[in-house]
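What follows is calculated from the coordinates using simple rules that are stated; it is not laboratory data. Because the structure is a prediction, the values reported are computed rather than measured. Positions of Cβ are backbone-derived with ideal geometry, glycine not excepted, and every protein chain shown enters the neighbour counts.
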Amino acid sequence: MRPPFPVGRRHELTFTAAEREARLLGPAGPVSRIWTYTDEPFGVTRLRLGDTLQARLVNRLPEHTSMHWHGIRVPNSQDGVQYLTQPPVEPGESFTYEFTPPDTGTFFFHPHCNETGQVGRGLAGILIVEGEEQEPSHADIVLANKDWRLADDGSWLPFDTPEGASRAGTFGTVRAVNGMQAFSADVPAHGDIRLRILNLDASRMIEVGVEGAEAYVIATDGNPVEPFPLHTWRLGAAMRLDVLVRAPAAGRTFQVLDYFSAEPWPLATLKTVEASLRPRPFSPKPLYASLVPRADLKNAERMSFAFSAATGAANFVQAVAQDDPLSKVLLDSLCVQDSTFWAINKVSWPNADHRRMPPPLAMLQAGKSYVFELMNATPHPHPIHLHGHMFEVLSASRSDVPRFMADTVLLHPKERIEIAFVAERGDWMFHCHILEHLEFGMMGYVRVV
Ligand SMILES: [Cu+2]
């Protein structure tokens, strides 16, 4: 039985978005100027279910920013999208977010304008909400996959390119996990090791597997699943996977690999050290079930969204109702690009020529169930993310996967996927999470009233 929702502690934390120095090409390499919220890139904040987070963002960057809490069902006012849910936090200013996460899991946070440039320099953090383990694991390891796009002298290469933005995205030059080129750690022999794998890359898809130890999937995008053996699992940008591994005997190593790269690439090398644990059968207990409301599929309203190349049509400006306050919002150059390559239902996120906030892609009713049909009319995969909700992936025409909960779903070329959810009030971004795809048009929002 799941314990009742607890009353937790209050955490008052300050995140100072600022330029810092790091040697990303190794201890003897050149210095790079990273942008982070804390002293190190991808710093981890841990809460327990029931805890309240008060997060004060202080902006010491040369441009405006925000904090979007990816996958966390926050009130709309705390969702951290410049212009849509809050004013941009300008240089020298601060903004305080406050919420009590309603779900356990592995989440992250990042800004929502100039994501290629800000996240590209390292501006992202990890938020873990604990409290769903029926049996505590013996070690809990975060693996954040994100390439760096660096020249040999440690300076940044352009984060977007026309070739990348119009195709599968621009890739980094240096692969890294947790900011480092090779991640390794010691773990207790015969221990149950929880791996929290996040794909924070701008473009890269990874296919995760474990070699040298038995591994089970225990959560997708933070949502508990009935544990099943991990063969491999694909993570598009922004997707997460929680895996429980039974470590082998002392003195052995096992690896977490990305099989999607040309040669399997080690995300982590884990070495076992003597501990007081004995060999025993491995059948992971499920995590306590999620508290996400399930859609009423019988009465759900269906809507279709086609993800395609840009059509060039930008006549949405007239479509904004005159009495809509958003019709007066002018987006600045950090939130639009100079051209568009992509569209959702033939509408592209505004570019430099059409800077007005577009109308919502769809109008929804709060508390009502929806089935969204997502169709990919392009030759590239797109990890599609809906803010503020967890949805159930009902079916996927090109993958043989069980039904699972997610906040981001990988839509393969020519694929059709159905997702279902109960709508929460607010204006919620709905976009591809390949950063150049969203910035070059594959982004919009739905309005739930
Ligand atoms: Cu995309």
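Observations on the structure shown:
- Segment 413-444 and segment 18-75 have Cα centres spaced 24 Å apart.
- Sorting the segments 167-173, 431-437, 242-248 by their residues' average number of neighbouring beta-carbon atoms within 10 angstrom, most packed first, yields 431-437, 242-248, 167-173.
- Cα-based shape type of segment 10-131, given that a ≥ b ≥ c are square roots of the gyration tensor eigenvalues and the cut on a/c is 1.5: oblate
- Among Ile197, Ile206, Ile141, the largest mean-square fluctuation in a Gaussian network model of the chain, built with springs joining Cα atoms closer than 10 Å, belongs to Ile141.
- Charge-dipole axis of segment 1-136 as Lys and Arg at +1 and Asp and Glu at -1 on Cβ define it, positive-most pick from Pro3, Ile128, Ser77: Ile128
- Per-peptide average of other Cβ atoms within 10 Å, ordering 98-106, 389-397 highest first: 98-106, 389-397
- Sorting 297-303, 262-268, 175-181 by average packing, meaning the other beta carbons within 10 Å per residue, from highest down gives 175-181, 262-268, 297-303.
- Cα-projected label distance for Asp296 with Asp353, points at 7 Å along beta-carbon direction, nm: 4.6
- Dipole size of the chain about its Cα centre, with +1 on Lys/Arg Cβ and -1 on Asp/Glu Cβ: approximately 660 debye, rounded to the nearest 20.
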